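A quick write-up on the structure given underneath.
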Amino acid sequence: LGEDDPEYQNRALIDVLDVRDRALFLQSIRDNGTLNKIYETVNRSARLAKQGDLDTKELQPTTVVNPEHFQKSCEQAFYDALVELVPKIKASQEERDYQKLVEALEEIAPTVSTFFDGDQSVLVMDPDPNIRSNRLNLLGLLRNHARVLADFGAIVKS
């Protein structure tokens, strides 16, 4: 649930049952096909987010993303979706209801796809460091929300 990741190791030591529950849940969403709906989006975001410096525990977009640096509407849409995601993820965490988390990630996936590949898509690694950092933070926030469940980079999809 987090390959060689001290944050996940500490979490496992604190709550072994949560680790078991998350592992079983991941198996069930892999088996029922739900994982396929979010895997590519989350994984692509996480890979790019590694090039930024956002703390993996940060979940709040309003503190780490500056809307004044947005160049395209897909950035605002991504930001708005992340703002809406925060209470859903927090509720999922508090209730240990990972289905809510996955449903929230499914909802945001089309917005993230537009950010990457739509008519209004962006080049994440913009030459302007403020724009680049802002975009990496958007991706980092999505990665962090997904990390509430697991490190998607460590998941074998099939």
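The values are calculated or read from the model by the stated rules, or taken from the named source; none is laboratory data. Only a predicted model underlies this, so the values are computations on that prediction, with no experimental measurement involved. Every residue, glycine among them, receives a Cβ derived from its backbone with ideal geometry; neighbour counts consider all protein chains shown.
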*Residues of region 27-61 being more than 19 Å from residue 130 (Cα to Cα), aliphatic (A, V, I, L, M) and under 15 Å from the mean Cα position of the chain (by Cα), which ones?*
35, 38, 42, 46, 59
*region 22-61 - residue that is surrounded by 13 or more Cβ atoms within 10 Å (Cβ to Cβ) and among the acidic types (Asp, Glu) and, of those, farthest from residue 96 (Cα to Cα)*: 40
*Specify which of the listed residues (80, 31, 15) is under 14 Å from residue 142 (Cα atoms) and free of Cβ contacts under 8 Å to residues at least 12 places away in the same chain.*
80
*Listed residues 156, 122; which is assigned to a loop (DSSP other than H, G, I, E, B), of a type in the set (A, V, I, L, M) and either in contact (Cβ under 8 Å) with a residue 40 or more places away in the chain or surrounded by 14 or more Cβ atoms within 10 Å (Cβ to Cβ) (or both)?*
122
*Being modelled with pLDDT of 95 or more, in contact with a His (Cβ under 9 Å, 6 or more places away or on another chain) and over 16 Å from residue 122 (Cα atoms), is that true of even one residue in region 60-80?*
no
*So residue 51 fits all but one of (1) more than 19 Å from residue 118 (Cα to Cα); (2) free of Cβ contacts under 8 Å to residues at least 12 places away in the same chain; what number is the exception?*
(2)
*Do we find that residue 101 is more than 29 Å from residue 127 (Cα to Cα) and either modelled with pLDDT of 95 or more or within 14 Å of the chain's Cα centre (by Cα) (or both) in this structure?*
yes
_Residue match in region 50-57 (condition: of a type in the set (Ser, Thr, Tyr) and either in contact with a Ser or Thr (Cβ under 7 Å, 6 or more places away or on another chain) or in a helix (DSSP H, G or I) (or both))_ = no
